[in-house]
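Working notes, structure below.
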Amino acid sequence: MTQWWWVVPAVAVAPLGLWARAIRWRYLFPPGSKPPGLVAANMIGYMANNVLPLRAGEFVRVYIVARRLTRPGGSLGGGLWLAGATLVVERVLDSLTLVLILAILVFFIPVPPALQYAAAFVLAVDALAAAVLISLAVAPDRSRRFVARVSQRWPRVKAPATRVIDMVLRGLEGIRTRAHLVPLAAWTVLAWVLPALGAWTLFHAVHLELPVLAGWTVLTFVGFGVSIPSAPGYVGVWHAASVLALSMFGVSQAAALGYALLYHASQFVPITLIGWLFLVREHVTLGEVTRARAVERPVA
């Protein structure tokens, strides 16, 4: 029989983890910018990932922030590029963290070769993305000259391209600011510790006496699973990853599946409900976001 009082903390850490990620996101924006609505954007975006396919909630997050950043009557384009640049940095940061956690787990559990290959691929992609971001952040003037030189053959493209690169470079100022580095590291640790604790507390709910290491293993395996665009709410992928993770600790498939169903529900339900409440408060619909994605140009 499920011990429901152990489910309560697992449910609570789901929105708390997104709150921590929203605070961290603030430090990826330029210093002093004080972007509004990051908590709302995170809650709505992750809710959208639960109800829309192919991780469409990532664009929803960017749209909500850009909507707040844009002045009345202005184009969303500039805000989209600014928020989008910070989101790319966030994704790279989380992917590198996930690879680091898996690298540590290798010393304690027999990580399946397929997952090791997936981690190597993710690391290669992250390294390439990080190299591009670092080159842009370290040498912004050189980046502007490169864009100007490439686009000078097309006069209609040159001005928009210049504005785009300016917004992207502005979106990278957060990681160039030394005062942001310690808060970024601290909030990243908290953003990962909270869901790991949530995964661990659910072991007690289903009478699985497993160490904290198992919680990190479940979180990591699920993290790699949901990093691939899939069905809304990561149905199937989440459960398969959880079952695979628990098999490393000798848990039977039936018990692991029961845990996986409860673990998924403990994250899916509160985030979806809270996200919808924020969506109503923001006076926006997912249909509006979809239309904006289809017709909005990068810059005016």
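The values are calculated or read from the model by the stated rules, or taken from the named source; none is laboratory data. Computed from a prediction, not measured in an experiment: that's the story for all the values here. All Cβ positions, even for glycine, are placed from backbone atoms using ideal geometry, and neighbour counts span all protein chains on display. In case anyone asks, the SASA skips ligands and DNA or RNA and just uses the protein heavy atoms, side chains included. Shrake-Rupley method; radii C 1.70, N 1.55, O 1.52, S 1.80 Å.
Details
- Evaluated against (1) in a helix (DSSP H, G or I); (2) open to solvent by less than 20 Å² (accessible area, probe 1.4 Å); (3) under 18 Å from Gly225 (Cβ atoms); (4) touching a residue at least 60 places away in the same chain (Cβ under 8 Å), Leu115 falls short on exactly one condition, (2).
- From Arg24, Arg61, Arg68, residue being within 18 Å of Leu277 (Cβ to Cβ), crowded, with 19+ Cβ neighbours inside 10 Å and among the charged types (D, E, K, R): Arg61
- Test: residue in segment 246-261 that is open to solvent by less than 20 Å² (accessible area, probe 1.4 Å), farther than 20 Å from Trp192 by Cα and not aromatic (Phe, Trp, Tyr): yes
- Selection status of Ser135, open to solvent by less than 20 Å² (accessible area, probe 1.4 Å) and over 30 Å from Val222 (Cβ atoms): no
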